[in-house]
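Q: Pasting a structure below so you can have a look.
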Amino acid sequence: MFIYLCKKIAIPGNIRLKCISWNKTQGFIACGGEDGLLKVIKLETQTDEAKIKGLAAPNNISVTQTLEGHSGFVQVVTWNEQYQKLTTSDQNGLIIVWMMYRGSWYEEMINNRNKSVVRSMSWNADGQKICIVYEDGAVIVGSVDGNRIWGKDLKGTHLCHVAWSSNSKILLFGMSNGEIHIYDNQGNFIVKMKLSCLVNLTGAFSIAGIHWYHGTQGYIEPNCPCLAVCYDNGRCQIMRDENDYNPVLIDAGINVVCIQWNSNGSILALAGSLKAASQDKDINVVQFYTPFGEHLRTLKVPGKQVSSLSWEGGGLKIALAVDHYIYFANIRPHYKWGYCSNTVVYAYTRADRPECCVVFWDTKNNEKYVKYVKSLISITTYGDFCVLATKADENQPQEEQETESFGAMYVLVLCNSIGTPLDPKYIDIEPLFVTMTRTHVIAASKVAFYVWQYRVAKKLTAMEINQLARTRKEGRERIYHIDDTFSGSGDAHLDYSKAFEGTRDPICAITASDKILLVGRESGIIQRYSLPSVAMVQSYSLERRAYQLSLNCNSSRLAIIDLSGVLTFVELEARAADGTGQPEAGGQLRLERKDVWDMKWAKDNPDLFAMMEKTRMYVFRNLDPEEPIQTSGYICNFEDLEIKSVLLDEILKNPEHPNKDYIINFEIRSLRDSRALIEKVGIEESSQFIEDNPHPRLWRLLAEAALQKLDLQTAEQAFVRCKDYQGIKFVKRLGNLQSESMKQAEVAAYFSRFEEAERMYLDMDRRDLAIGLRIKLGDWFRVLQLLKTGSGDSDDALLEQAHNAIGDYFADRQKWLNAVQYYVQGQNQERLAECYYMLEDYQGLENLAKSLPENHKLLPDIAYMFVRVGMCEQAVSAFLKCNRPKDAVDTCVHLNQWNKAVELAKNHNMKEIGSLLARYASHLLEKNKILDAIELYRKANYFFEAAKLMFKIADEESKKRTKPLRVKKLYVLSALLMEQCHEQMQNAQRGKVKEKSSESASALAGLLEEDVLSSTNRFADNAWRGAEAYHFFILAQKQLYKGSVDAALKTALHLRDYEDIIPAVEIYSLLALCACANRAFDTCSKAFVKLESLDTLQPEQRQQYEELALEIFTRYRPKYNKTSDLDDVLESGDGKLPVCVATGAPILEYQFWMCSVCKHCMKAKEAGHYNACPLCHSTVS
């Protein structure tokens, strides 16, 4: 920052001032002094015209009013900015609250305790409460409307200061003995504050001020110190909160009388006086510090005794009460800002966010990009790029490539002009000073500097990209200690231990060009290194410590601004002797300017520079100044004899809405003179003047003027002199045109007067040229208008192009609905599909897919769009339309539409159907959908797998003892599937035999097939057995219930063969029941014997069977009946007779019916009663 005194107001009657307070929101300044003096003044509010000048605008007093009411010395004045009230008190203890009414201040309330004097008053952050402290220890807290909230008498204490915390929960009371007590907002004592700044001090000292910044405009970084406590001996501590045990400590070295934070808590001002060594009187000074205790500037103030200070709301001015004067000082803050490729980059803090808000404001298009950065240190720009130096975020893991500097404290982020981070570098040295050239970023701490050769992707060839990985190791990043001498042979590696070694002469400024790097040290030495090798070339010794260094465009001169704002120059390259007494290399130039706070060399002329001195801008050519311009802007750019300046003060008053009016372009004198000459005297004479003062910009000016007058010869010569190849080509093209009006139209277009050019073309009836012009400009809306207004048929291809271009315009702005209308007219199906997708208009997308011809290149894209949103059917139809069945199947699989996948695979005879089925089946089995898996296999003619699964289910169901009929059906289904499998194999076998003539080969194949068949046969027999078992089980019970006990017994006897399928308990229980009902007690007895011998029974069940057997067989003795011949046959078991599945009886006749599917038999006489096989339910043929 830079500060200088700018105005002085005398108080009439030479009355000494005691206090001053500046209202931050309305701009009123209240000052109080002897004899009850109380004045309110206000500086002029700026008009729009004055705003453009910023601080350079005249500051006249617009309001001045003397408020009468106090009789004694006015000692305290404080504003309530929220409610526009002023509170004052004098040495008699009288308190007056003033209010504004129709532009004047009037008394609203008065209070007088008559006992003691008010030492301090403070409004809380929202202006609702005021705390007043009296010297005798009385404390009163009142509300804004004058009601007393509470009062307290702190016995035995003398109070002198009070401050509220930002949340109004804490009150600090400063005692006259220097202690500070912390109370809650109800007046209850909490604790004494720990005062680290007074350690090892003896003697009496009093508090000069307590000021707690309330964070109304945000903090410059998270957890920033904001509570300042200062003593009259210059000792000060800045704390994060009232209990901070590690505060920032300052010794200002002056006798302090008053302290105050600026409006955003970034600068603390301490006003006081300093004993001068040579003089016997004191010097008044104001010291400025950051919240972290870093000293920024010292301002010397004339007069005997400074008594108070106050900041202006914007932080650009400070008011000082000295004797019977008010002094005003202007402040040029050291903003964090930069300028790269038409973009102003600036940072500001917001109350609602902990991060720093960095705005990239494109001044050409008036568009801004906002980026939030934690703990921003500085912004540095060059060319098209910008480097943000920040503290590393402790919580964030660093990128993989940065592992070697893991745990680094700071980050340099290379960004482009819209704030996109291109390359972050983690470093261990604090980047207090950062400079940037076309190829390097150099960051310096107090003791070391880090050189990084950055690269940007857009300028890399493929070969260089391949080398990138290697060059990192070859030293694209290097670090050097300021005291080392090195030859530049690449001997400095990334060794951060150098950064912590310490030095007696720290770095204070750096700058660099493509060729050299200059490092300024606090002793006044400037060390020069060559780039890119970083070898020390020489050092220059100056009397003063540099604050800012700046090199001209060919690195021949160095400009130095020191801490007190004095600008001097050093000649770096020896110039040819021209008799002007130029110094040799390393010597200082004779020019010296004071109160300089900014300067910029011209980019294209080593002798041109612009500098800001107080509120004036001077342009120097060869060290001779032109007449100054009144402005307070920061210089962005100086090239082509034009200076671009930005009014950052105005922009940062409303940083979210930067105004293009705050970018100002100044032309330097030679450009202004040339322009005036051309306008007044003519082209011939002007060209002579420009010949004497050549500059490409002046030649361009002449060329443009000649073009306006269609003086093509002069225009061509001028274009040649400013090396404008396009201009030369343009003049040649003009020369080939016959019509004068055509030439004028072309020139109008060249000077961007497009409306005029278009009108001329249309007047010449050359609508095609007007359309061509608009197409070049990309103004497709106008192209469409021109095409539609034209008579006759307009060009269809052009119309289509215009519609599509307008569609693109809307699509770029994400106005998809508008884009759709134009794409439909432009028949741009690709972009149309995209728009429908973005609009989620899937019906429109489906209709589009239907309207496209087969195998259209857009169909796969549309299909994938449907896949992404899970619309299987539409995706499949799109894939099939472009003849990609495999993708259609993959889609079905992806979206779990397996049956559709299998169906598609079958329809298109795909080879991979087997693997697909296996995947789907396993998917179904995972979800326990076994029947679905069976259905899948069955549909796909994979009968064996289906049968296996079905048999498994039947087995499981049979074990669960579910309904016998259901289990029988499951077994039958399994067996039927096996039969289908056999049939499939036999058909395949027959087909192979037909195909293969070689008998031996077919025989072998037959054997192999038989092998497979036999294994499946065994499996099929098991299934049929299961079906038989349950069939007879059900049949026996049916017959029993019907009363056919004999038939039931015969059927039940068969069940003995199926103990492996139906539990033996069930079989023998049923058999015993049937035998008992049929009075065949011997069979019954055998069944009971079997039942009692079963291992699976519980003892109590066995007990029950024995008791039942006893009961039956005591009544009916089991006598052995002579069995019939039939039984002999049945028992002999040699060749078992077939069993009738309808009755359960053996078939003795030679004629019987056999089922064609399950191969089970039925008596011929029974067959007539059935339409279907009783076992497998296939129809009777």
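Q: Contour minus end-to-end for Trp150 and Leu249, with contour as 0.36 nm per residue of separation and end-to-end as the Cα-Cα distance?
A: This chain segment gains 32.2 nm when fully extended.
Q: Assuming a ≥ b ≥ c are the square roots of the Cα gyration tensor eigenvalues, decide whether region 291-437 counts as rounded (a/c under 1.5), prolate (otherwise, with a/b larger than b/c) or oblate.
A: prolate
Q: Would you work out which of Phe810, Gly338, Ile210 lies farthest towards the positive end of the dipole of the chain? Charges go on Cβ: Lys and Arg +1, Asp and Glu -1.
A: Value: Ile210.
Q: Let a ≥ b ≥ c be the square roots of the eigenvalues of the Cα gyration tensor of region 132-175; is it rounded (a/c under 1.5), or, if not, prolate (a/b larger than b/c) or oblate?
A: Since a/c reaches 1.5 but b/c is at least a/b, the shape of region 132-175 is classed as oblate.
Q: Let me ask something else. Quick one: which of Lys644/Lys680; Lys948/Lys1163; Lys24/Lys391; Lys614/Lys644 span more than 21 angstrom between C-alpha atoms?
A: Violating the 21 Å Cα-Cα cut-off are Lys644/Lys680; Lys948/Lys1163; Lys24/Lys391.
Q: Let me ask something else. Return the distance in nm (one decimal) between the two label points of a simple spin-label model at Gln726 and Asp1082, each offset 7 Å from Cα along Cα→Cβ.
A: Taking the two extended label points, one gets 12.3 nm.
Q: Here is a further query. Could you look at region 564-716 and say what percent of its accessible area is carbon and sulfur, using a 1.4 Å probe and all protein chains?
A: Using a 1.4 Å probe with all protein chains present, region 564-716 comes out at 43 percent carbon and sulfur.
Q: Show which aspartates and glutamates lie in cross-link reach of Lys732 when reach means a straight Cα distance below 13 angstrom and same-chain residues fewer than eight apart are skipped.
A: Counting by Cα, and skipping residues close in sequence, Lys732 has these aspartates and glutamates nearby: Asp711, Glu716, Asp724, Glu746.
Q: Please list 657-666, 900-909 highest first by mean number of surrounding beta-carbon atoms within 10 Å per residue.
A: 900-909, 657-666
Q: Hey, rough spin-label estimate for Asp763 and Thr485, points 7 angstrom out along Cα→Cβ, what's it come to in nanometres?
A: For Asp763 paired with Thr485, the spin-label model returns 7.6 nm.
Q: Let me ask another. Can you spot the lysines whose alpha carbon is less than 21 Å from Lys952's alpha carbon? Ignore those fewer than 8 places along the same chain.
A: In chain and number order, the partners are Lys927, Lys929, Lys939, Lys960, Lys963, Lys968, Lys969.
Q: Hey, can you grab everything whose amide H is under 5 Å from the amide H of Leu589? Only 5+ residues off in sequence or another chain; H modelled, so Pro and N-termini drop out.
A: So Leu589 has HN proximity to Phe569, Val570, Glu571.
Q: Still on this structure, I have one more. Only helical DSSP H runs with n ≥ 4 go in: add -39500 (n - 2.57) per run for the chain, normalise by residue count and round the 222 nm mean residue ellipticity to 500 deg cm²/dmol.
A: When only DSSP H runs of four or more count, the value is -10500 deg cm²/dmol.
Q: Based on the mean of other Cβ atoms within 10 Å per residue, sort peptides 148-159, 632-643 so the most packed one is first.
A: Answer by packing, highest mean first, reads 632-643, 148-159.
Q: I've got another one for you. Let me know the shape class of region 70-167, please: from the alpha-carbon gyration tensor, a ≥ b ≥ c as square roots of the eigenvalues, rounded when a/c is under 1.5, otherwise prolate if a/b is greater than b/c, or oblate.
A: Because a/c hits 1.5 or more and a/b fails to exceed b/c, region 70-167 counts as oblate.
Q: Something else about it: Where does each of Phe385, Phe205 land when they are ordered by accessible area, with a 1.4 Å probe and the largest first?
A: Accessible-area ranking of Phe385, Phe205, largest first: Phe205, Phe385.
Q: Let me ask something else. For Val681 and Thr64, compute 0.36 nm times the residue count separating them, minus their Cα-Cα distance, and round to one decimal in nm.
A: 216.9 nm
Q: Further question: What is the magnitude of the charge dipole of region 756-841 about its Cα centre, with +1 placed on the Cβ of each Lys and Arg, -1 on the Cβ of each Asp and Glu, and no other charges, expressed in debye to the nearest 20?
A: Its charge dipole is roughly 280 debye.
Q: Please report, in Å, the Rg and the Dmax of the chain, where both are computed over Cα atoms only.
A: Cα radius of gyration and Dmax of the chain are 50.5, 156 Å respectively.
Q: Separate question: Could you calculate the FRET efficiency of Arg616 with Gln453 from 1/(1 + (r/R0)^6), where r is the beta carbon distance between them and R0 is 45 Å, rounded to 0.05?
A: 0.70
Q: Skipping prolines and chain starts, which residues have an amide H placed within reach, meaning under 5 Å, of the one on Phe609, given they are 5 or more residues away or on another chain?
A: Correct list: Ala602, Phe620.
Q: Also: Heavy atoms of the protein only, probe of 1.4 Å, neighbouring chains included. What is the accessible area of Ile220 in Å², nearest 10?
A: 40
Q: Would you pull out the residues with amide H under 5 Å of Cys6's amide H, same chain only if 5 or more places away, H placed 1.01 Å from N?
A: Phe328, Ala329, Asn330
Q: Just the accessible area for Thr631, please: 1.4 Å probe, Å², rounded to the nearest 10?
A: 0
Q: Moving on to the next point. Just subtract the alpha-carbon distance of Ser1156 and Asn365 from 0.36 nm times their residue separation and send over the number in nm, one decimal.
A: Length gained between Ser1156 and Asn365: 275.9 nm.
Q: Under the definition of Cα pairs under 8 Å and six or more residues apart, what whole-number percent is the relative contact order of the chain?
A: Worked out over the chain, it gives 4 percent.
Q: To the nearest 20 debye, what charge dipole does region 534-575 have about its Cα centre, counting +1 at the Cβ of each Lys and Arg and -1 at the Cβ of each Asp and Glu?
A: Here region 534-575 has a charge dipole of around 40 debye.
Q: With r defined as the distance between the Cβ atoms of Tyr106 and Arg350 and R0 fixed at 30 Å, what FRET efficiency is calculated, to the nearest 0.05?
A: 0.25
Q: Then there is this: Among Ala676, Phe666, Leu701, flag the residue with its Cα farthest along the positive direction of the charge dipole of region 650-701, charges on Cβ as +1 for Lys/Arg and -1 for Asp/Glu.
A: Looking along the dipole axis, the top candidate is Phe666.
Q: In the chain, if the dipole is taken from +1 on Lys/Arg beta carbons and -1 on Asp/Glu beta carbons about the Cα centre, which of Gly69, Ile267, Leu1110 is farthest to the positive end?
A: Value: Leu1110.
Q: Give me the dipole magnitude in Debye, nearest 20, for the chain about the Cα centre, with unit charges on the beta carbon: positive for Lys and Arg, negative for Asp and Glu.
A: Result for the chain is approximately 1360 debye, rounded to the nearest 20.
Q: Tell me the per residue accessible area of region 754-853 using a 1.4 Å probe; a whole number in Å² is fine.
A: Accessible surface, normalised per residue, equals 58 Å².
Q: Can you pull the percent of region 409-451's accessible area that's carbon plus sulfur, 1.4 Å probe, other chains left in place?
A: Its accessible area is 56 percent carbon and sulfur atoms.
The values are calculated or read from the model by the stated rules, or taken from the named source; none is laboratory data. The shown structure was predicted, so the numbers you read here are calculated from the model rather than taken from an experiment. Using ideal geometry, Cβ is built from the backbone for each residue, glycine included, and neighbour counts are taken over all protein chains shown. Areas reflect the complete protein model, heavy atoms only, side chains present, ligands, DNA and RNA absent. Shrake-Rupley method; radii C 1.70, N 1.55, O 1.52, S 1.80 Å.
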